[in-house]
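Okay, handing you the structure first.
The values are calculated or read from the model by the stated rules, or taken from the named source; none is laboratory data. For clarity, every value in this text was computed on a predicted model and none was experimentally measured. Heads up, the Cβs are rebuilt from the backbone with ideal geometry, glycines too, and the neighbour counts pull from every protein chain shown.
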């Protein structure tokens, strides 16, 4: 597998963080009812959580791909099956964490 160079990695990282922030800020207005208290902490937490989920899912996807390769054989089918298996837990975790972030109340002076 070809490795991408450092400039591309930096560019992809900046795009990824920007996308995550944009999604959070949109959700903040529409889903979290625009709660003002602690929005900086919520955004930072959500950025860290999302990056962690991406790393964990990527790692698990590699293992799922390796396990399914022997069972399914066809590389395209293996990739599709691995992605189908990894998506529902990701969506469930995103729902739980989003609810947690939206409903957490901060004490004054904390966030």
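Taking the condition touching a residue at least 60 places away in the same chain (Cβ under 8 Å) and in a helix (DSSP H, G or I), does residue 98 pass?
Considered against the rule, which asks whether it is touching a residue at least 60 places away in the same chain (Cβ under 8 Å) and in a helix (DSSP H, G or I), residue 98 comes out as yes.
For residue 68, are the conditions met, namely being surrounded by 15 or more Cβ atoms within 10 Å (Cβ to Cβ) and either at pLDDT 70 or above or within 19 Å of residue 91 (Cα to Cα) (or both)?
For residue 68, the condition - surrounded by 15 or more Cβ atoms within 10 Å (Cβ to Cβ) and either at pLDDT 70 or above or within 19 Å of residue 91 (Cα to Cα) (or both) - is met.
Does residue 86 fit the bill of being under 19 Å from residue 52 (Cβ atoms), in contact with a helix residue (DSSP H, G or I) (Cβ under 9 Å, 6 or more places away or on another chain), assigned to a helix (DSSP H, G or I) and modelled with pLDDT of 85 or more?
Taking the combined requirement at face value, the residue satisfies it.
While we're looking at this one, here's another question. State whether the residues of segment 23-41 include one that is modelled with pLDDT of 85 or more, exposed (fewer than 15 other Cβ atoms within 10 Å of the Cβ) and under 18 Å from the mean Cα position of the chain (by Cα).
no
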